[in-house]
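The values are calculated or read from the model by the stated rules, or taken from the named source; none is laboratory data. Computed from a predicted structure; not experimentally measured. Here the Cβ positions follow ideal geometry from the backbone for every residue, glycine too, while neighbour counts run over all protein chains shown. With ligands, DNA and RNA removed, areas are computed over all heavy atoms of the protein, side chains included. Shrake-Rupley method; radii C 1.70, N 1.55, O 1.52, S 1.80 Å.
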Amino acid sequence: MLKRDFISLTILWICLVFVFFNSIPNGFANTEDSLLQALEYQKDTVRINTLNELCWYYIDKDLSKSKIMAESALQESQQINYLNGIVFSHRKLSSIYRRQHNFDSAQYHLHEALKIIENLNSPVQLMRINTGLGNLYTDIDNHEKALSYYMLANQMAYDLKDSNYYSITCNNIGINLEIQNKPQKAVSYYHRGLSYSNPSEFPENYTNLLINMGAAQFYSGNRDSAFYYNNQARQSYINLDHKSGVADCYLNEGYYYEASNQFQQAIRAYQEGFQYFKNSKDLTQQYNFTKNIMLTYGAIGNVDSMYHYFYLSEDYGHELQQAKTDKAIHEIAIKYDVEKKEQDLKLAQQENEKIELSNSLKQKTIYILLSIIVIIALIVLVFYNLYREKQKLTEMEVVSKNQEIEGLIKDQEIKTYSAQIEGIEKERKRVAQDLHDQIGGILATIKLQFESQDSLNEKSLNHVKSLVNESIRSVRSISHNLSDGRIAEMGLVRSIENLKTSLIDSGKMTFDLFLENYNNSCSPNGEREIFKIILELLSNTLKHAHADHIVLQLNVIDDTLHITFEDNGIGFNPEKVQKGLGMRTIAQRVNALLGKWYVDSKENHGSTTVIEIPVA
């Protein structure tokens, strides 16, 4: 089937190129005319693919025409049992019905596509169908069911290593959680989406994540972060010339100020947005900004300015209503013409169906007789195979019992030997990990301290001495097989802050530390292991990344500690780099804490490590 689809698509593109170069009057071709002309001589899958192309071409221009093309593609796909064509057509019809707010029909077509795709090996299409179901259930306010489909699509995108689609599903999940009044959870998924999104390849998706992150941060009580992400989104939308996105950012900024009772700043934000759209033809945005300015002036009791913007918003409102009325009249006229053409097309299809029905009845009679013969032959073959299998099964049971006895004896011998060497290997690994984790990070910091100073002054020398004493204490701790008493004394937060101070004092590294909702949430043993993980990440960065800036975030959300470690170093390809002792150590410690972790890095783009550890 895949080979057949590939050949069909290749023929389609050849036909389209041929039509393109033979229908260019002045150097440019009309896409709609080219596709319609191609339909006249195309057949089977090639014709179906062209119908689907026309469906997408019309979907933003004329939903009625788009629906006709999708229904024709579905009917012809079913006639030749072209499964991929059936799935595509169902998906397109679902999108059309969703735009028409006919949610029952939209849901029906998506579930029909889902039935077929589950029998095909096409995880990409299955992922997109789950996303479509999530969007649909969001439209009908069934947010719990929508979230379940978004989660399925999100996991599939992660398994397929599709970073762009993974960021899209993270955005969908974040929006869903915000609707359910769970902004802190939404922040976590927006963080993941931003980590995986590529702003150079998919700038609009990245910008949507920025503006949504701003809103989630605001409702989580992080006002400064909300303004930061909203401003980043606005600048990106301006670069993309995305007018509605720019408007949303200005409106969000005004609302954030209003909610903080900073009405003058809110008015300034709304007026800046109004000035941005004042000379455009976007009546909707002009009306929105003037209305918000009017309401804000009213909130602070400035009656004169309130009435000024009230009359201005009224003018824009009347113009907007008139434009909508003219558009509705135009759409009704177009709809009448399309319905007439649709009726003519259905009459022609009915005539063709009558002829095809007569021919199919003759063929069915022959097929039924052949099917009966084949079924009888299959039944005889099945009974013969059952008889042969029964004989083989009896012989295999005897052999299996003998092998089972031998296997039990060998297993017992292996367990005895493994028990003897397990204790030795475990002790060796513990000592190796403690030496690597505790001494390696401290010595790397000492090295960095020496490199940053042409001549050591008294303060730097005392600091180096303290680091040397720290390494000596660590060696003593390892030799006596004790736990990390320093972490138990100082706690995780203070230990990390001391580590931050050491790096900043070196003069070669900047270190940003963000702690949200972390109040000694982990056990002492857990904090010790987490600190060792952070030391290992830092050691790897100092040795390999050539970075000069590190960001470390610790945030507890719903009994889960989220650790994000970022650097601006040279990055690496996680699939190509051979995992050394450091990477294995991190994996072992995270697994021991029943957590999970992800690494996102590209060459010359730095690296980000996200770790999630349950703390309940």
Out of segment 498-552, which residues are over 28 Å from the mean Cα position of the chain (by Cα), among the aromatic types (Phe, Trp, Tyr) and closer than 24 Å to GLY595 by Cα? PHE531
Please verify whether LEU74 is open to solvent by less than 40 Å² (accessible area, probe 1.4 Å), outside any loop (DSSP other than H, G, I, E, B), free of Cβ contacts under 8 Å to residues at least 40 places away in the same chain and within 16 Å of THR50 (Cα to Cα), treating the condition exactly as stated. yes
Taking the criterion of being over 21 Å from HIS143 (Cα atoms), acidic (Asp, Glu) and part of a loop (DSSP other than H, G, I, E, B), would at least one residue in segment 195-208 satisfy it? yes
Yes or no: segment 149-171 includes at least one residue that is over 24 Å from HIS90 (Cβ atoms), buried (at least 22 other Cβ atoms within 10 Å of the Cβ), out of contact with any Ser or Thr (no Cβ under 7 Å at 6 or more places or on another chain) and in contact (Cβ under 8 Å) with a residue 40 or more places away in the chain. yes
Of ARG128, ARG98, the only residue that is in a helix (DSSP H, G or I) and closer than 20 Å to ALA157 by Cα is ARG128
Residue list for segment 246-284, filter: charged (D, E, K, R) and either open to solvent by 60 Å² or more (accessible area, probe 1.4 Å) or closer than 22 Å to LEU210 by Cα (or both): ASP248, GLU253, GLU258, ARG268, GLU272, LYS278, LYS281
Specify which of the listed residues (GLU566, GLU529) is open to solvent by 50 Å² or more (accessible area, probe 1.4 Å) and either of a type in the set (Gly, Ala, Ser) or touching a Leu at 6+ places or on another chain (Cβ under 9 Å) (or both). GLU566
Got at least one residue in segment 307-316 being surrounded by fewer than 13 Cβ atoms within 10 Å (Cβ to Cβ), modelled with pLDDT of 75 or more and either of a type outside the set (S, T, N, Q) or assigned to a helix (DSSP H, G or I) (or both)? yes
Test result for THR138, buried (at least 23 other Cβ atoms within 10 Å of the Cβ) and under 30 Å from SER220 (Cα atoms): no
Picked from segment 607-616 (must be of a type outside the set (D, E, K, R) and without any contact (Cβ under 8 Å) to a residue 60 or more places away in the chain), the residue least open to solvent (accessible area, probe 1.4 Å) is PRO614
Within segment 116-135, work out how many residues are touching a helix residue (DSSP H, G or I) at 6+ places or on another chain (Cβ under 7 Å), within 15 Å of PHE88 (Cα to Cα) and open to solvent by less than 40 Å² (accessible area, probe 1.4 Å). 9
Taking segment 516-564 only, how many residues are over 14 Å from SER188 (Cα atoms) and assigned to a strand (DSSP E or B)? 4
Every pair of residues 6+ apart whose Cβ atoms lie under 9 Å, when the first sits in segment 268-290 and is in contact (Cβ under 8 Å) with a residue 60 or more places away in the chain and in a helix (DSSP H, G or I) while the second is open to solvent by 50 Å² or more (accessible area, probe 1.4 Å) and of a type in the set (Asp, Glu): none
Assuming LYS92 fulfils every condition listed in (1) surrounded by fewer than 22 Cβ atoms within 10 Å (Cβ to Cβ); (2) modelled with pLDDT under 90; (3) not small (Gly, Ala, Ser) apart from one, which condition is it? (1)
Looking at THR50, THR31, THR10, which is the one that is at pLDDT below 80, out of contact with any strand residue (DSSP E or B) (no Cβ under 7 Å at 6 or more places or on another chain) and within 28 Å of LEU110 (Cα to Cα)? THR10
What's the number of the condition ALA146 fails, among (1) under 30 Å from ASN573 (Cα atoms); (2) open to solvent by less than 30 Å² (accessible area, probe 1.4 Å)? (1)
Taking only segment 77-89 into account, find how many residues are surrounded by 19 or more Cβ atoms within 10 Å (Cβ to Cβ) and not in a loop (DSSP other than H, G, I, E, B). 7
Name every residue in segment 565-594 that is β-branched (Val, Ile, Thr), modelled with pLDDT of 80 or more and in a loop (DSSP other than H, G, I, E, B), in order of residue number. ILE570
